[in-house]
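See structure below.
The values are calculated or read from the model by the stated rules, or taken from the named source; none is laboratory data. Just so we're clear, the structure is a prediction, and the values are computed from it rather than from any experiment. Glycine also receives a Cβ, built like all others from the backbone with ideal geometry; neighbour counts cover every protein chain displayed. The protein model used for the area step is the full one, side chains on, heavy atoms only, and it has no ligands, DNA or RNA in it. Shrake-Rupley method; radii C 1.70, N 1.55, O 1.52, S 1.80 Å.
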Amino acid sequence: MSGGPTLNYIWANPGGKQITLPAPTYIDTVLSSIQKLLEDEGVFPTKSNQPFNPAFPSTVKHIYRQLLRVFAHIYHAHFHHLLHLRAEPHFNSLFAHFLAFGREYELLEVKDIRGDPNAPVGVGLLWERWKESGILV
């Protein structure tokens, strides 16, 4: 799956083997794996007095990183559809909230967001523009 001209995301299967997937398959795999984690009581406990797994913070960061990749792909490959549907402001708002939440709770690292500093477009450039305009603090 691509997130830009020089940015391709590779899926690592449970055995650790890295495989290239087309975007629809990659996104479906990401969302299915997140759904399994959300339903796993050992990862996201729902009963009171049940402790969180010590790996919980890294698991949530991994989920967030995967969702950032989905956003990157949508912006890169489908932005024209968002414009056609007049959904750009809504999608930008969703993404701004996603970034602000991730920043507030330290779920994203700067390198995950910025990507290649020489890229003329992309999620990193959008992040910088929103910071400059005060949308993101």
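Assorted remarks:
- Condition check for ILE63: in contact (Cβ under 8 Å) with a residue 40 or more places away in the chain, under 23 Å from ALA100 (Cα atoms), open to solvent by less than 80 Å² (accessible area, probe 1.4 Å) and under 13 Å from the mean Cα position of the chain (by Cα): no
- Pairs meeting the criteria (first residue in the range 8-21 and part of a loop (DSSP other than H, G, I, E, B), second residue among the aromatic types (Phe, Trp, Tyr), beta carbons under 7 Å, at least 6 apart or on different chains) are TYR9/TYR26; LEU21/TRP11.
- Residues that are loosely packed, with under 12 Cβ neighbours inside 10 Å, of a type in the set (A, V, I, L, M) and at pLDDT 90 or above are absent from the range 7-29.
- In the range 11-47, the residues that are of a type in the set (Gly, Ala, Ser) and more than 20 Å from ALA72 (Cα to Cα): GLY15, GLY16, GLY42
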